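The structure under discussion appears below in the form of structure tokens.
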Amino acid sequence: MSTIESIQHQTSSDAILNVMYAALGEYGFESFIVSGLPDPGVDVRPFVLLSGWDDEWYERYTSKGYVHLDPVARNCFSTTLPFDWSDAPYDRENDAAARRVMQEARDFGMDEGFCVPVHMEGGMQGVVSLVGKTAHLDEKARLELHMLSLYAHGRLRYLNSPLSRPVVRRGITPREAEILKWAATGKTASEIADITGLTPRTINQHCENAQKRLGTNNRLHTVVEAIRHKLITL
């Protein structure tokens, strides 16, 4: 949470780059990229919010349109959950383009990584992709990286948007706070429903109401903001 708080107070991409390098280094990651994901055939470079990649690899990846061939990037359209690069599906026998991208990444020392898909308003897709080994990550670390990535992506979008306006923060109801506390522990809507005696539909409605009150983009972002503003404690 201290890192998220620090990101929130940064006013430039360079400052966030430094915060992210320091924070991700604690988890063993070497570099990262924060970006939107364009439609097929569209240049990715205007969508890149922050790159900590090797300059030569970044130029190669973006100029050759590898984002449209990369199985890691493509998998972000199919899931909302973070995943290891090695879990991104593709046909290793017949998809020569995807295989080439993965091989060239390895040539640049990018053998393993952790990817956080970001689903934004209006159906836009984004990604935070971290370079480094993942076998040592437990569920707590993965949740922390998920939260950190979503918040960094959101802050960078804010800084890059000329139309950004401060969000007016409001309180949440006791029931919304209760549900967000359970969500913060990783409980699903069905599990929270069993605990509280409510229906999953009601649980989801409370989460959506809290999201609107806090001006957030998704459930995890709502939990982060509720904790940060001390509306809930764990």
Of the numbered conditions (1) under 17 Å from the mean Cα position of the chain (by Cα); (2) open to solvent by 70 Å² or more (accessible area, probe 1.4 Å); (3) more than 30 Å from Thr233 (Cβ to Cβ), Leu49 satisfies every one except a single condition; which is it? (2)
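Looking only at segment 1-30, count every residue that is open to solvent by 20 Å² or more (accessible area, probe 1.4 Å) and touching a strand residue (DSSP E or B) at 6+ places or on another chain (Cβ under 7 Å) and tell me the total. Full working, then the answer.
Our first condition is that a residue be open to solvent by 20 Å² or more (accessible area, probe 1.4 Å); within segment 1-30, this holds for 1-3, 5-6, 8-15, 17-19, 21-22, 25-28, 30.
Narrowing further to those that are touching a strand residue (DSSP E or B) at 6+ places or on another chain (Cβ under 7 Å): 13, 17, 30.
Qualifying residue count for the region: 3.
Could you tell me how many of the residues in segment 33-62 are on the phi < 0 side of the Ramachandran plot and in contact with a helix residue (DSSP H, G or I) (Cβ under 8 Å, 6 or more places away or on another chain)? Even if it seems obvious, please write down each step before you answer.
Let us first name the residues in segment 33-62 that are on the phi < 0 side of the Ramachandran plot, namely 33-40, 42-62.
Imposing the further condition that a residue be in contact with a helix residue (DSSP H, G or I) (Cβ under 8 Å, 6 or more places away or on another chain) reduces the set to 33-38, 40, 43-45, 48-53, 57, 60-62.
Qualifying residue count for the region: 20.
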Residue match in segment 53-61 (condition: crowded, with 19+ Cβ neighbours inside 10 Å and more than 22 Å from Thr134 (Cα to Cα)): yes
Mind counting the residues in segment 64-80 that are part of a helix (DSSP H, G or I) and either open to solvent by less than 60 Å² (accessible area, probe 1.4 Å) or closer than 15 Å to Arg106 by Cα (or both)? 7
Within segment 127-147, restricting attention to residues that are in a loop (DSSP other than H, G, I, E, B) and of a type in the set (A, V, I, L, M, F, W, C), which residue is most open to solvent (accessible area, probe 1.4 Å)? Ala135
Given the conditions (1) outside any helix (DSSP H, G or I); (2) open to solvent by less than 70 Å² (accessible area, probe 1.4 Å); (3) β-branched (Val, Ile, Thr), which single one is not true for Ile203? (1)
Can you spot a residue in segment 180-194 that is at pLDDT below 90, surrounded by fewer than 18 Cβ atoms within 10 Å (Cβ to Cβ) and in a helix (DSSP H, G or I)? no
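The values are calculated or read from the model by the stated rules, or taken from the named source; none is laboratory data. If you're wondering where the values come from, they're calculated on a predicted model, not measured in any experiment. Neighbour counts run over all protein chains shown; Cβ positions are idealised from the backbone, glycine included. To get the accessible areas, we keep the full protein, side chains included, count just its heavy atoms, and leave off ligands, DNA and RNA. Shrake-Rupley method; radii C 1.70, N 1.55, O 1.52, S 1.80 Å.
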